[in-house]
Amino acid sequence: MQLGRRGFFQVAAAATAAPSVELPPSQSGIRWPRKFTGAHLAQIAFPLGGIAAGSVSLGGRGQLRDWEIFNRPDKGNAPNYALPSIWAQVAGRKPVALAAEARYLPPYEGSSGLGSNNAPGLPRLDSAVFTGEYPMARIDFRDRRLPVQLALEAFTPIFPLDADASGLPAAVLRYRVKNPNVAAAQVALCWSLDNMVGTGEDRLNERRESAGLRGILMSNPKLAADHALKGTMALAALGDGDVSIWRGWPKGRWWNSPMLFWDEFSTKGRLETEPEPRNAVGAVCFRKEIAAGAEAEFTFVLAWHFPNRTPERCGWHASKGDEKTLIGNWYCQQHADAWAAAESLARDLKSLEAKTRAFVQTVRESTLPGAVKDAAMSNLSTLATTTSFRTADGEFHGFEGVNDKAGCCYGSCTHVWNYETTTPMLFPTLSRSLRRNAFGWAMDERGAMHFREVLPAGKERSSIIAADGQWGQIMKAWLDYRLCGDKQWLTAIWPRVQKALEFAWSPGSWDADQDGVAEGVQHNTYDVEFYGPNPQCGIYYLGALRAAEEMARALGDTAYAARCRALFDKGSKWIDANLFTGEFYIQKVRGTKRENVAKDLISDMGSDTSEQPEFQVGDGCLLDQLIGQYQAEACGLGPLLDEAKMRKALESIYQYNFKRDMGRHESVQRIFALNDEAALVICDYGKGTRPRIPFPYYAEVFTGIEYTTASQFLYSGMTAQGIECIENIRRRYDGQRRNPWNEAECGHHYARAMAAWSGILALSGFSYDAAARRLEVKPRRRVAVFRSFWSTGTGWGWFELGPKLTIHVEQGSLAIAEVQLKGRAVKPTDPVLIQAGTNWSC
């Protein structure tokens, strides 16, 4: 129906209603932002650094750890000295000097005790409270000796849609000091940092001053141009105040250098005559007078610039002879060196910080459960770890995860990255970069998509083709288009999408008889092949058919759309009739002769025989049996199977796969949850016969698939169960048992866990089709006034639904020609374009 704008506002308000299940108060446990104290500080490593630009992590005590800025994962890597210090004196009293970190936590054991690096024997602050709401962290320190109150804010600017502005190789360390005394206080904060650009006498620390920065540029001019560590680091104070600099601590034997530095700083609260000779530990001291009752900020900027990324260095597979080929870093194309990166941050800090804080505030103020916000925002950090990088040409790439010193499972693996929704929803340009690779060189002339990309591209392809990876990429292509509405982009990629879909119909492939059922040999995310029809791959195929149908319609190819729809209808009915047991969907194992299987569909990791295959699901209740439907929800594709049957399957998953006490669960595989922890296991055979040799990982716990399933609970109206499962995951990452900003699977910072963003998508019910300018608002949580973050490929902001609907655009814009509220389409007479910084209400 057509309405004037005022009439549209009135009808839209009348159409609002809050569906779904009320969340019990008992399920509102985790609060966001999360706070950590005591033993729960021990495992914290909060990544600082921009998207795909390397990271240094902030530890729970306020220390910097895991310096992963040298083009590879580097857990445990740290300079000999990275020491913040505070000095304070009030009204002529004796000054107090402390290392500006909380005390070390047990254990203290080692061959040399705690050793001498970073001077663990210097007095430290009594305690700390760590507050994390990625990408912002705050530490409030407590100490009985210090006459002032000290807090640290640490962050790198990160906010939706702008991957370049969110990709700075830098971090802000802002110390806030409050003087509660009746007299003025003299306060100094000092950062000492060892030059990490190689080792030895050739390291060079130079004074620099510009853009409000005063500090040190660290380099090593004697390193060869292609050396892995060739590059620069910068440490600087930003803003007004008395800044004193030592380009190096006094050079000495044994522990004379830190002793002499501490003598200087602890007695004077500044660094006076620069020592000669000196070592490579540079120091920047920032001093201010703080009036009684007043506060002051001491801002430091840390930046880095290391251009020599090679496949061999980071752990990526390369064509023979290209292992040492320079593939570079995009951030190094944006900045000449680390000082230039620091200058860029300093010049734009006010704007960048405001956008970052607006992003965090928008999520914080959403009326979503704390665990859902915590999971989504904490796993966003994976984009700023060594799991993710951008090569010098700007293209985005990702490992599945990372080991301590090298990437784990190279290749922007399609069947893993398919699960996550963080990248397309927050950084759509990076998502489309992934699509350029998948439908570009990674896809051969047959339309077979080799699920791991080789770098540099253009010479070699990985050997295996994953069915779920290929079909998920087709769905992601539709999602990327749906979010941005760029018809030119879709037109360009569509022939490749068609070719990828039609590979399934080729002889020896997955649906050679073109009946809509994936029956062939299907390599998948469990690193083996499933033989015969199964829900994990089969429903994914249905989703790919639906996505292709929608893309064909968008481009006016109604005949191709009809062909896809006919196959989808046949396949959907067949799966419901043949794979549904009355409780959940199972696999029908069908062996086949290898000569009947297309090239590259069988790996060396699966069954030794294809006629009586091992490593199958069989009658098990598979956790991600509805993964295709999960993707369909994000893509706005509607139900792929009978909705009642899918709801029953989800109820069965909750009944069988959910373990409230993992101490009673039997597993000889990798352990990601144990003892009294609650989790969803990959496959349960309580209602079926387990194959003698089931598929790998069946007894494991993957947080990425837990989030996928929890999101499906939320989409289906099982709200309490979905929130409970997300809550259980985040309780396991409590700072004592595990690092809250590092969810592991096959490696640290595992990409699949970025599926956590789907919890926000499901509960907010905000779904947007940019091409049609059609918005659906369908929150799945019952509250009087519902508020949530939203994002599309064109803008982001918040919306509020109560007696009226209000949409706020923080950045970008949002065009609306139709709104769906409570299943009812309402259209204004003229399309609405909401610009940044404005609200649109009805």
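Annotations for the structure displayed:
- Checking the stated criteria, R72 turns out not to satisfy the condition of being of a type in the set (K, R), farther than 24 Å from D263 by Cβ and assigned to a strand (DSSP E or B).
- So Q63, is it in contact with a Pro (Cβ under 9 Å, 6 or more places away or on another chain), polar (S, T, N, Q) and either more than 22 Å from R138 (Cβ to Cβ) or open to solvent by less than 10 Å² (accessible area, probe 1.4 Å) (or both): no
- Subset of segment 346-371 [within 30 Å of L229 (Cβ to Cβ) and more than 22 Å from the chain's Cα centre (by Cα)]: A346, R347, D348, L349
- Qualifying residue in segment 219-233 (condition: closer than 13 Å to A283 by Cα and without any contact (Cβ under 8 Å) to a residue 60 or more places away in the chain): no
- The set of residues in segment 692-739 that are closer than 24 Å to K648 by Cβ, touching a Gly at 6+ places or on another chain (Cβ under 8 Å) and either in a loop (DSSP other than H, G, I, E, B) or without any contact (Cβ under 8 Å) to a residue 40 or more places away in the chain (or both) contains only Y698.
- Some residue of segment 437-446 being surrounded by fewer than 23 Cβ atoms within 10 Å (Cβ to Cβ), within 30 Å of E323 (Cβ to Cβ), touching a helix residue (DSSP H, G or I) at 6+ places or on another chain (Cβ under 8 Å) and charged (D, E, K, R): yes
- Any hit, segment 528-535, residues being closer than 19 Å to P691 by Cα, assigned to a helix (DSSP H, G or I), touching a residue at least 60 places away in the same chain (Cβ under 8 Å) and in contact with a strand residue (DSSP E or B) (Cβ under 7 Å, 6 or more places away or on another chain): yes
- All strands (runs of 3 or more DSSP E) inside segment 787-842 with 1 or more residues being among the charged types (D, E, K, R) and either touching a Pro at 6+ places or on another chain (Cβ under 6 Å) or open to solvent by 40 Å² or more (accessible area, probe 1.4 Å) (or both): 795-801, 805-816, 824-828
- For the criterion of being touching a residue at least 40 places away in the same chain (Cβ under 8 Å) and open to solvent by 20 Å² or more (accessible area, probe 1.4 Å), E583 passes.
- Residue list for segment 336-361, restricted to those being hydroxyl-bearing (S, T, Y) and either assigned to a loop (DSSP other than H, G, I, E, B) or open to solvent by 10 Å² or more (accessible area, probe 1.4 Å) (or both): S344, S351
- Qualifying residue in segment 453-476 (condition: more than 21 Å from A376 (Cα to Cα), over 20 Å from the mean Cα position of the chain (by Cα), among the polar types (S, T, N, Q) and open to solvent by 10 Å² or more (accessible area, probe 1.4 Å)): yes
- Only one entry of R590, R553, R546, R594 meets the criterion of being touching a residue at least 60 places away in the same chain (Cβ under 8 Å) and either surrounded by fewer than 16 Cβ atoms within 10 Å (Cβ to Cβ) or farther than 30 Å from I493 by Cα (or both), and that entry is R590.
- Each residue in segment 237-286 was checked for being assigned to a loop (DSSP other than H, G, I, E, B) and either open to solvent by 70 Å² or more (accessible area, probe 1.4 Å) or farther than 28 Å from A170 by Cα (or both), and 12 of them qualify.
- Single condition R563 does not satisfy, out of (1) out of contact with any Lys or Arg (no Cβ under 7 Å at 6 or more places or on another chain); (2) in a loop (DSSP other than H, G, I, E, B); (3) open to solvent by 40 Å² or more (accessible area, probe 1.4 Å): (2)
- Candidates L623, L641, L601, filtered to the one that is touching an Asp or Glu at 6+ places or on another chain (Cβ under 6 Å) and either open to solvent by 20 Å² or more (accessible area, probe 1.4 Å) or of a type in the set (A, V, I, L, M) (or both): L641
- G231 vs. criteria of a type outside the set (K, R), more than 18 Å from P84 (Cβ to Cβ) and buried (at least 18 other Cβ atoms within 10 Å of the Cβ): yes
- Residue, farthest from D661 (Cα to Cα), within segment 689-723, restricted to residues that are among the small types (G, A, S) and open to solvent by 20 Å² or more (accessible area, probe 1.4 Å): S716
- Note on segment 275-329: among residues that are of a type in the set (D, E, K, R) and over 28 Å from I216 (Cα atoms), the one that is farthest from the chain's Cα centre (by Cα) is K320.
The values are calculated or read from the model by the stated rules, or taken from the named source; none is laboratory data. All values reported here derive from a predicted model rather than from experimental measurement. Methodologically, a virtual Cβ is constructed for each residue, glycine included, from the backbone with ideal geometry; neighbour enumeration extends over all protein chains shown. The area values use the complete protein model at the heavy-atom level, side chains included, leaving out ligands, DNA and RNA. Shrake-Rupley method; radii C 1.70, N 1.55, O 1.52, S 1.80 Å.
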